[in-house]
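Peer 1: This is the structure, below, for whatever I ask next.
The values are calculated or read from the model by the stated rules, or taken from the named source; none is laboratory data. Quick caveat, the model's predicted, so the values are computed rather than measured. Here the Cβ positions follow ideal geometry from the backbone for every residue, glycine too, while neighbour counts run over all protein chains shown. Each accessible area value is taken on the protein alone, full model and side chains, heavy atoms only, with ligands, DNA and RNA left out. Shrake-Rupley method; radii C 1.70, N 1.55, O 1.52, S 1.80 Å.
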Amino acid sequence: MNGWLTVGLLVVSNIFMTLAWYGQLKLSEMKVITSSTPLFIVILMSWGIALFEYCFMVPANRHGYIGNGGDFSLLQLKVMQEVISLLVFTVFAIVFFKGEALHWNHFLAFCLLILAVYLVFMES
């Protein structure tokens, strides 16, 4: 169960991370914030959201790391986090930015990411 908890925490963390990094672009598109909104305000908003990212990312890594009794090595945690991050971002881009489209090269990249996950979890 610890492994699934780690994955779940990584997913939630990456949802917050994606909102912190790219949510301001959607808010700008919706005219909630404008180009005249001071950058420090946008940064503070992003930091506020990123705090929640850390509230999930730190426990995910802490509980998931094999050195703390978890199921994953440091490299496995990092590769999982990157793949989850890209998957969450892809869903975000397609749902919130209607003009973004997936092409064959994106699907090939996802297949290579799956291969990367397989390789990092392969017994050496």
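Peer 1: Give me the percent of the accessible area of the chain that comes from carbon and sulfur atoms, probe 1.4 Å, all protein chains in place. Don't skip to the answer; put the middle values down first.
Peer 2: Values: 6240 of 8470 Å².
Solvent-exposed carbon and sulfur of the chain make up 74 percent of the total.
Peer 1: Same structure again: Kindly state, to the nearest 0.05, the FRET efficiency for residue 41 paired with residue 89, given R0 = 25 Å and r defined as their beta-carbon distance.
Peer 2: Numbers: r = 24 Å, r/R0 = 0.95.
That gives a FRET efficiency of 0.60.
Peer 1: Let me ask something additional. Order the peptides 14-21, 51-58 from the highest to the lowest mean number of other Cβ atoms within 10 Å of their residues. Please list the in-between numbers first.
Peer 2: Numbers: 14-21: 20.5, 51-58: 15.4.
Listed from highest to lowest mean packing, they are 14-21, 51-58.
Peer 1: Can you pull the one-decimal nm distance between simple spin-label points at residue 107 and residue 73, each 7 Å off the Cα toward Cβ?
Peer 2: Each label point lies 7 Å from its Cα, and together they span 3.3 nm.
Peer 1: Order 65, 118, most accessible first, counting only protein heavy atoms with a 1.4 angstrom probe.
Peer 2: Largest to smallest exposure gives the sequence 118, 65.
Peer 1: List the residues whose amide H sits under 5 Å from the amide H of residue 33, counting only those 5 or more places along or on another chain, with H placed 1.01 Å from N in the peptide plane.
Peer 2: For residue 33, the qualifying residues are 28.
Peer 1: Around residue 70, which amide H atoms from residues at least 5 apart in sequence, or from another chain, sit under 5 Å from its own amide H, with H modelled in the peptide plane?
Peer 2: So residue 70 has HN proximity to 65.
Peer 1: For the chain, which DSSP H helices look membrane-span-like by this rule: Cα extent along the axis of 27 Å or more and mean Kyte-Doolittle of at least 1.6?
Peer 2: Values: long enough: 2-29 (39 Å, 0.76); 39-64 (36 Å, 1.21); 74-96 (32 Å, 1.97).
In the chain, the long hydrophobic H runs are 74-96.
Peer 1: So, in nm, how far is label residue 66 from label residue 27 when the simple model puts each one 7 Å beyond its Cα toward the Cβ?
Peer 2: 4.1
Peer 1: Send over a whole-number figure in Å² for the accessible area per residue of the stretch 7-62, probe 1.4 Å.
Peer 2: Result: 63 Å² of accessible area for each residue.
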